[in-house]
Amino acid sequence: QVPLVESGGGLVQPGGSLRLSCAASGSIFGFYLMGWYRQAPGKERELVANINSRATTIYADSVKGRFTISRDYAKNTVYLQMNSLKPEDTAVYYCNLKMGGRDSWGQGTQVTVSS
């Protein structure tokens, strides 16, 4: 597994923005998927967005048009820009890397959207 370090969560008012970062401390090579999942209390973990080694992106319907995933090759880092946040976006957000048939997970970062 590749260690993943997340940052950027916090408390924000509805309509606000946050940017999450996920840095992979090991080497990333070949075909891979890197992205974000989230888990709200009492709910299953769900995919938010991911980006593959060919820069193809996938978004959950609930975040399309509001969230943008991007990556910095030199820093082995993926970002999730979250705009127009809603209370239902409140969850623990987990970074994920799928590479070589293995899953790596970050420790999770809390995002709370509340007035």
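One table, with the values for the structure above:
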| quantity | calculated |
| --- | --- |
| Selection count, region 2-21, where residues are hydroxyl-bearing (Ser, Thr, Tyr) and either assigned to a loop (DSSP other than H, G, I, E, B) or surrounded by fewer than 16 Cβ atoms within 10 Å (Cβ to Cβ) (or both) | 2 |
| Odd one out for residue 74 among (1) part of a strand (DSSP E or B); (2) open to solvent by 70 Å² or more (accessible area, probe 1.4 Å); (3) closer than 18 Å to residue 21 by Cβ | (1) |
| Pair list, Cβ < 9 Å and 6+ apart or interchain, from region 72-83 residues that are at positive phi to residues that are open to solvent by 40 Å² or more (accessible area, probe 1.4 Å) | 76/25; 76/27 |
| Residue in region 71-85 that is touching a Phe, Trp or Tyr at 6+ places or on another chain (Cβ under 8 Å) and among the hydroxyl-bearing types (Ser, Thr, Tyr) present | no |
| Evaluation of residue 26 against (1) in a loop (DSSP other than H, G, I, E, B); (2) closer than 24 Å to residue 115 by Cα (one fails), failing number | (2) |
| Leading residue by the ranking (surrounded by the most Cβ atoms within 10 Å (Cβ to Cβ)) among those in region 22-54 that are in contact with a helix residue (DSSP H, G or I) (Cβ under 9 Å, 6 or more places away or on another chain) and among the aliphatic types (A, V, I, L, M) | 48 |
| Residue check for residue 54: over 16 Å from residue 3 (Cα atoms) and out of contact with any His (no Cβ under 7 Å at 6 or more places or on another chain) | yes |
| Residue list for region 82-115, filter: part of a loop (DSSP other than H, G, I, E, B), under 15 Å from residue 21 (Cβ atoms) and open to solvent by less than 60 Å² (accessible area, probe 1.4 Å) | 106, 108 |
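The values are calculated or read from the model by the stated rules, or taken from the named source; none is laboratory data. Worth saying up front: this structure is predicted, and the values here are computed from it rather than measured. Note that we place each Cβ from the backbone using ideal geometry, even for glycine, and neighbour counts take in every protein chain shown. Remember, those area values only see protein heavy atoms, side chains included, never the ligands or the DNA or RNA. Shrake-Rupley method; radii C 1.70, N 1.55, O 1.52, S 1.80 Å.
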